[in-house]
Each structure stands twice: as structure tokens, then as C-alpha cells.
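*Asks:* First the structure, then my questions, so here it is.
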Amino acid sequence: MSKKFLRVAYEKYDVAVIGGCAAGMAAAINAKRRNPKLNIAIIEKLPRLGKKILATGNGRCNLTNLNAKCSDYKNSDFVLHALVAYGPDRVIGFFESMGLLTYNDSEGRVYPRSNMAASVLDALRFEVENLGIDVVCDTPVENVKKTDGGFILNGNIKCRKLLIATGGKASPSQGSDGSGYALASSLGHTVTKLYPSLVPLTVNGNVKSLKGVRARNVTLTLTNGKTVKTTSGELLFTENGISGIAAMELASKVGELLDDVKCKPFTEVDFLPDFSEKELVDYLLNIRKIKGNCPVDVLFTGVLPWAIGVEICKAMKLYKQDRLISSLSNTDVVQVAKKAKKYELEISGAKGFANAQVTSGGVSVSEINPETMESKLCKGLYFAGEIIDVDAGCGGFNLQWAFASGLLAGENIW
């Protein structure tokens with residue numbers, strides 16, 4: 001299904017799609033279904049379409065989320081039309097039309113019934129082939145020229161309409177190296193500052209003793225003197241920082257804060273958000289009563305991993321070898337409860353794009369028509385997916401945007 005171009009003549013298309021991943025394939029399929037006479041090509045620099053899809057959802061491809069709403073996204077006003085036109089139910093229906101069945105978990109995350117990301121990619125690839133859409137792999141698009149009749153790519157591919165769906169800079173090993181931004185800029189578009197998102201954070205201070213320890217259902221509050229963003233979910237300690245959903249969803253904001261050299265961002269960890277401070281104090285006072293002859297290091301073992309409880313006690317200078325829980329005063333209990341509800345970590349940075357799942361930033365939404373995904377600056381040019389300055393948290397929200405914006409672009413591009 002892949003083809004190569006001879007450099008001696010132009011290859012002409014009605015629509016060329018740069019980028020053969022989620023948004024690009026969805027757009028091409030929707031355009032061809034609506035107008036079967038269109039001559040469409042997907043141009044991909046890697047040897048095969050959709051490599052990044054295989055890495056999503058831990059290899060299961062969390063392809064949308066039933067709870068996705070505009071407020072989940074950066075530039076929420078801009079995403080409104082796409083999410084109304086192609087919400088989660090329509091994305092699921094799109095895949096059902098290709099024979100792919102799905103299921104959802106209690107958090108609204110939607111997966112293929114096979115639990116394999118390859119099933120999602122196969123559904124898209126086979127439909128591309130079935131519709132007769134040309135696929136041109138191993139072909140990086142290095143330049144685009146606007147002409148009166150459309151566009152010329154790499155000096156030898158002509159098209160009337162052009163969609164750029166190259167993704168961002170996150171996970172360059174999967175094909176997203178940021179090359180689409182240069183193409184957008186060459187056609188007059190503004191690209192906002194780019195930050196790695198959904199990526200682990202690094203901290204100042206030694207957290208090696210907690211490496212590999214997980215805390216479920218924590219709340220993190222990113223601050224720089226005032227609250228910047230709050231997230232919830234799992235927290236995982238790494239050798240030099242923190243990961244897990246709760247931490248990774250702070251990453252893009254951390255990047256923005258660290259642009260200010262005077263700023264020292266902190267995250268306040270509430271290890272037990274289901275407890276009020278008073279409820280936690282009462283719980284610990286009861287632990288003192290029923291486990292008073294036990295060492296202090298087991299004070300929190302009924303509600304937290306042992307290692308985290310020890311670190312909280314150490315932070316309050318309550319941890320000494322052989323010290324018993326019964327020796328803790330009421331004041332000690334109150335102070336250690338406060339620390340469990342507000343454990344501070346100074347954030348030194350975020351891991352780079354190589355480790356990121358998503359790019360925050362991209363082509364300015366002010367330059368794109370949200371009802372069609374067409375450029376306001378360059379007639380016949382469209383955008384879809386991660387290349388646009390839209391991103392969200394974990395849970396299928398970013399793939400929902402990729403499919404919704406791609407399907408909307410495909411509806412309008414012909």
C-alpha cells in the first residue's frame with residue numbers, strides 16, 4: 001500500500017496529509033468516506049504508519065474517555081466545536097464502523113476489546129487501504145510552498161488542500177520530532193512556547209529512600225507563593241523525583257514557572273486527601289491508643305506505605321530507633337498529621353521531550369478556525385491533533401482530541 005515518488009514529475013493530489021498517526025489517519029478516512037472521488041495521500045516519514053499509537057495506554061491504547069469535556073483541555077473554548085461534533089460516543093462509533101469494539105473502565109477510559117493498541121492501529125491502517133488512500137512512507141516533508149493552486153511539498157508533490165498532523169515534540173523515537181512546527185511557521189503561523197507534558201518531575205533533595213514507592217489517590221498542589229495547579233491520582237517516587245499521573249499532569253506548568261529564573265516551584269503533597277486534618281489527628285490518636293507499644297515507624301502503616309510514613313515522621317524529627325508510638329505527645333500527633341496533609345517538595349524541573357507523552361504548546365489557536373480546523377492565514381491549509389496548542393491530562397483525553405480534530409478536519413477539507 002505504500003508507494004514511492006519519481007523525482008522527475010509532480011505527483012498530484014486533492015488532499016495531502018502530513019503525518020500518519022491518529023489525527024492524520026482519522027482525517028484522511030473521514031474525507032475519503034465523505035467524498036470517495038478525492039485523491040488523498042498520507043505522507044509519513046517513518047517506515048510505517050501509526051508507530052506512536054502502539055505506545056499509548058501502556059500498549060493498550062486508551063483511545064478516548066467518556067468523561068471528556070472542554071474544561072479538561074488547554075484552550076478549552078477552541079476545542080468546543082470539535083468535541084461537540086465528534087465527542088467520545090462518535091469516536092467510539094467511528095471505530096465500530098471499522099469493526100473495532102471497545103470497553104470502558106470505571107474512570108471512563110475506553111480501550112479496544114482486545115486490550116491491544118495494535119488493534120486500533122490495524123483498524124485505521126486497513127480502512128486507509130480499503131478506501132484507496134495512498135500511503136507514502138519513509139518520506140520526511142522538509143519544505144512546503146504555497147502556490148495559487150494549492151501547495152507543493154518537497155518540490156515534487158502537489159496538492160490542492162494540505163493537512164499538517166505531525167504531532168508535537170514528545171517521544172521523538174515514535175516519530176514526533178517537532179518538524180511540523182517549522183512547516184507551520186514557513187506558512188505564516190505562530191508557534192507558542194513548547195513544554196514537555198505528562199512527564200516525570202525532578203526534585204531538589206534526596207528521595208532515593210522512596211524510590212519505587214507508590215501512593216494511591218494523593219493530591220498535589222503546585223505553588224510558587226500561590227496555587228498554580230492541583231492534580232489528583234497516583235504518585236510514584238523515582239530516584240531523583242516523582243512520577244505517576246498526579247505528578248506528570250503538573251509538568252507543563254512546571255516548565256512555565258521555571259522560565260522565570262526567580263521562581264522556585266514547590267508541590268505540596270496531600271497523602272491522605274480523603275481525611276480532613278481533624279479526622280487524621282483522631283485516627284492517629286487512636287493508633288497511639290491501640291498500638292502504643294509499637295515503634296513509631298509503623299504509625300501510618302494502616303493508611304500509607306511504610307516508607308512514606310517513616311519519611312513523614314523523619315521530617316518532623318519524630319523518628320528514632322526503638323522510639324514507641326506511645327511516646328508521641330498530642331502536639332506531635334497534630335504536627336505529623338499536618339505534615340502528611342502538606343508534605344513539601346521543591347521542584348527542580350521536568351524530564352525532557354524524550355520522556356514526555358504529550359507536547360504542551362503548538363500552533364496558535366487564534367490562527368485556526370475551530371469549526372473547520374482550517375488556517376485563518378493560509379487558505380487550504382488545515383491542522384489537527386497535537387501540533388495545535390491544545391493538550392490535556394492522562395486518561396485518553398489527548399487521543400480524543402487527536403481523533404476529534406482529525407475527523408473534523410476531514411469533514412471540512414474537501
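Quick note: the coordinates plus some simple rules give every number you see, no bench work behind them. Values in this document were obtained by computation on a predicted structure and should not be read as measured data. Using ideal geometry, Cβ is built from the backbone for each residue, glycine included, and neighbour counts are taken over all protein chains shown.
*Asks:* In nm, to one decimal, how far is the Tyr10 label point from the Lys376 one, both placed 7 Å along Cα→Cβ?
*Replies:* 3.0 nm
*Asks:* Here is a follow-up. Quote the convex hull volume per residue of the stretch 163-217, based on C-alpha atoms, as a whole number of Å³.
*Replies:* Hull volume normalised by residue count: 157 Å³.
*Asks:* Using amide H atoms built in the peptide plane, which far-off residues or other-chain residues are under 5 Å from Asn62 H to H?
*Replies:* Placed amide hydrogens put Gly57 under 5 Å from Asn62.
*Asks:* Over all directions, average the projected area of the Cα convex hull of the chain and note it in nm².
*Replies:* Mean orientational projected area (the chain, Cα hull): 21.6 nm².
*Asks:* Shifting gears a bit: For the stretch 119-243, take the convex hull of the Cα atoms, compute a quarter of its surface area, and give me that in nm², please.
*Replies:* Mean projected area of the Cα convex hull: 12.6 nm².
*Asks:* Looking at the chain as a GNM with Cα springs under 10 Å, which of Ala41, Ala85, Ala247 has the largest mean-square fluctuation?
*Replies:* Result for the chain, Cα springs under 10 Å: Ala85 fluctuates most.
*Asks:* Can you find, among Gly59, Cys263, Val207, the residue farthest towards the positive end of the dipole of the chain? Put +1 on the C-beta of Lys and Arg, -1 on that of Asp and Glu.
*Replies:* Val207
*Asks:* Which value, in Å³ per residue, describes the convex hull spanned by the Cα atoms of the stretch 13-90?
*Replies:* Each residue corresponds to 130 Å³ of Cα convex hull volume.
*Asks:* Gap in Å between the Cα centre of the stretch 292-319 and the Cα centre of the stretch 171-193?
*Replies:* Cα centroid of the stretch 171-193 versus Cα centroid of the stretch 292-319: 49 Å apart.
*Asks:* Quick check: pseudo-label points 7 Å beyond the Cα along Cα→Cβ at Met98 and Ala182, how many nm apart are they?
*Replies:* Distance between the two pseudo-spin positions: 3.0 nm.
*Asks:* Let me ask something else. What translational diffusion coefficient, in µm²/s and rounded to a whole number, does the Stokes-Einstein relation yield for the stretch 282-328 at 25 °C and a viscosity of 0.890 mPa s, taking the hydrodynamic radius as the Kirkwood radius over Cα pairs?
*Replies:* The estimated diffusion coefficient comes to 237 µm²/s.
*Asks:* While we're here: Output wanted: per-residue J couplings in Hz (rounded whole) for the stretch 23-36, from phi through Karplus 6.51 cos²θ - 1.76 cosθ + 1.60, θ = phi - 60°, x for Gly and Pro.
*Replies:* Values, residue by residue: 5, x, 5, 4, 5, 4, 5, 5, 5, 5, 5, 6, 9, x Hz.
*Asks:* For the stretch 159-248: lysine pairs with Cα atoms under 25 Å, gap of 8 or more or different chains, count?
*Replies:* Close lysine pairs found across the stretch 159-248: 6.
*Asks:* With springs connecting C-alpha atoms under 10 Å apart, model the chain as a Gaussian network and identify which of Ser364, Ser114, Ser329 has the largest mean-square fluctuation.
*Replies:* Residue with maximal mean-square fluctuation among Ser364, Ser114, Ser329: Ser329.
*Asks:* Pull out the extension gain between Thr227 and Ala315, defined as 0.36 nm times the separation in residues minus the alpha carbon to alpha carbon distance; nm, one decimal.
*Replies:* So the chain would gain 29.4 nm between Thr227 and Ala315.
*Asks:* Can you give the helix-only mean residue ellipticity at 222 nm for the chain, where every DSSP H stretch with n ≥ 4 adds -39500 (n - 2.57) and the sum goes over all residues, rounded to the nearest 500 deg cm²/dmol?
*Replies:* It lands at -8500 deg cm²/dmol.
*Asks:* Also, I was wondering about something else. Would you mind calculating the gained length between Asn39 and Thr147 on full extension (0.36 nm times residue separation, minus the Cα-Cα distance), in nm to one decimal?
*Replies:* So the chain would gain 37.0 nm between Asn39 and Thr147.
*Asks:* Related question: How big is the Rg/Rh ratio for the stretch 268-414, C-alpha atoms only, Rh by Kirkwood, two decimals?
*Replies:* Checking Rg against Rh, the ratio lands at 1.31.
*Asks:* Using each residue's phi in the stretch 51-68, evaluate 6.51 cos²θ - 1.76 cosθ + 1.60 at θ = phi - 60° and report the 3J(HN,Hα) Karplus result to the nearest Hz, with x for Gly and Pro.
*Replies:* Karplus values, whole Hz, x for Gly and Pro: 4, 5, 4, 5, 8, 7, x, 6, x, 10, 6, 7, 7, 6, 9, 4, 9, 4.
*Asks:* Assuming 0.890 mPa s and 25 °C, estimate D for the stretch 199-350 with Stokes-Einstein, Rh taken as the Kirkwood radius over Cα pairs, in µm²/s.
*Replies:* D = 155 µm²/s.
*Asks:* Hey, in the GNM for the chain with a 10 angstrom Cα cutoff, which one of Lys379, Lys12, Lys226 fluctuates hardest?
*Replies:* Of Lys379, Lys12, Lys226, the most mobile in the Gaussian network model is Lys226.
*Asks:* Further question: Return the FRET efficiency for the residue pair Arg113, Arg214: r is the Cβ-Cβ distance, R0 is 22 Å, and the value is rounded to the nearest 0.05.
*Replies:* 0.20
*Asks:* Now, a different point. First check a/c for the stretch 49-150, with a ≥ b ≥ c the square roots of the eigenvalues of its C-alpha gyration tensor; if it is under 1.5, answer rounded, and if not, answer prolate when a/b is larger than b/c or oblate otherwise.
*Replies:* Oblate shape, in that a/c is at least 1.5 and b/c is the bigger or equal ratio.
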